[in-house]
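Inspection log for the structure reproduced underneath, given as C-alpha cells.
The values are calculated or read from the model by the stated rules, or taken from the named source; none is laboratory data. In this text the structure is predicted, and so the values were computed from the model without any measurement. We place every Cβ from the backbone using ideal geometry, glycine too, and count neighbours over all the protein chains shown.
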Amino acid sequence: MPPVAVRKPVTIPDLWFINGAEASCSFLQTASRSAAAAFLVGDEDARIRRVQAFSIIGNDAYPALGLEAARLAAGGRTPILGGQPAWLKLESRLIELDEDGSLRFAASPIATIEARTVSAGDVLSGGVADGRFKDKTVLIGSSLPNLGGLRSTASMPL
C-alpha cells in the first residue's frame, strides 16, 4: 500500500469507502513497487468523466491508478491529503477534488494510446528493445474487451 499523509482537518468522502475488491495476483503485488485502485463510476449517462482519488478498503487507502503513476514518476514522495472539502498535494501541485472526492478523467487520443502500448507477448518473446521501458512508469494489464470490460469515457471507449 502506498503511503499517504493526512493534514487535519480533513473530510474523507463516503465514495472512497469500498466494501470489497479483488486484488492482483499475490506474485505481481509482491514484485511491484506500489498498488493502486481503479474504480470507474459513470455519470448519469454511464460515461466515465471522473475517477475517485482514493479507495479505502478496510484500513488501507489506495490511490487512484493515475495518481499513483504520477507520484512514482515524480519521485515517489508521500502525497498529503487534507481539507474540508478534501484536497491532495502531490509534490508541489495542489489538486482540488470534487465534492465527492473525484478527479476529472481525460482519456488520451487513441493514436497516443496505441503509440505507447506494447503487447506483453512481444515483450516476453524478446521483440521489444531493452531500452523501451528505461526510466518509465510501466503499467501492466488488460481491459478485457472480450469480457465486456470496456466502458465509455467522454471521448472514447475505455
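If you check every pair at least six apart or on different chains, which have Cβ atoms under 7 Å apart with a residue in the range 69-93 that is under 17 Å from residue 52 (Cβ atoms) first and a residue that is in a helix (DSSP H, G or I) and among the basic types (Lys, Arg) second?
What qualifies is 79/71; 90/71.
Name, by its number, the condition in (1) surrounded by 12 or more Cβ atoms within 10 Å (Cβ to Cβ); (2) touching a strand residue (DSSP E or B) at 6+ places or on another chain (Cβ under 9 Å); (3) assigned to a loop (DSSP other than H, G, I, E, B) that does not hold for residue 103.
It fails just one condition, (3).
Of the conditions (1) exposed (fewer than 10 other Cβ atoms within 10 Å of the Cβ); (2) under 24 Å from residue 32 (Cβ atoms); (3) of a type outside the set (Lys, Arg), residue 127 clears all except one; give me its number.
(1)
Going by what's in this entry, would residue 110 be described as over 20 Å from residue 21 (Cβ atoms), surrounded by 10 or more Cβ atoms within 10 Å (Cβ to Cβ), touching a residue at least 40 places away in the same chain (Cβ under 8 Å) and not acidic (Asp, Glu)? I'd like the intermediate steps shown before the answer.
Numbers: over 20 Å from residue 21 (Cβ atoms): yes; surrounded by 10 or more Cβ atoms within 10 Å (Cβ to Cβ): yes; touching a residue at least 40 places away in the same chain (Cβ under 8 Å): yes; not acidic (Asp, Glu): yes.
Yes; evaluated as a whole, the condition is true for this residue.
I'd like to check something: does the range 25-43 contain any residue that is within 23 Å of residue 94 (Cα to Cα), out of contact with any helix residue (DSSP H, G or I) (no Cβ under 6 Å at 6 or more places or on another chain) and loosely packed, with under 12 Cβ neighbours inside 10 Å?
no
For the range 7-20, enumerate the residues that are loosely packed, with under 12 Cβ neighbours inside 10 Å and either under 13 Å from residue 62 (Cα atoms) or of a type outside the set (D, E, K, R) (or both). Walk me through it before giving the result.
Narrowing the range 7-20 to residues loosely packed, with under 12 Cβ neighbours inside 10 Å: 7-9, 14, 19-20.
The answer is 9, 19, 20.
Given the criteria over 19 Å from the mean Cα position of the chain (by Cα) and either part of a loop (DSSP other than H, G, I, E, B) or surrounded by 16 or more Cβ atoms within 10 Å (Cβ to Cβ) (or both), does residue 121 qualify?
So residue 121 fails the test.
From (1) more than 18 Å from residue 15 (Cα to Cα); (2) modelled with pLDDT of 90 or more; (3) under 20 Å from the mean Cα position of the chain (by Cα), pick out the condition that doesn't hold for residue 114.
(2)
Which of the numbered conditions does residue 57 fail, given that it passes all the others? Conditions: (1) over 25 Å from residue 106 (Cα atoms); (2) at pLDDT 85 or above; (3) surrounded by 15 or more Cβ atoms within 10 Å (Cβ to Cβ).
Residue 57 satisfies every listed condition except (2).
Which residues, taken from the range 7-44, are of a type outside the set (A, V, I, L, M, F, W, C), modelled with pLDDT of 85 or more and in a loop (DSSP other than H, G, I, E, B)? It would help to see each step written out before you state the result.
Narrowing the range 7-44 to residues of a type outside the set (A, V, I, L, M, F, W, C): 7-9, 11, 13-14, 19-20, 22, 24, 26, 29-30, 32-34, 42-44.
Next cut, modelled with pLDDT of 85 or more only: 7-9, 11, 13-14.
Of everything in the range 7-44, those that are of a type outside the set (A, V, I, L, M, F, W, C), modelled with pLDDT of 85 or more and in a loop (DSSP other than H, G, I, E, B) turn out to be 11, 13.
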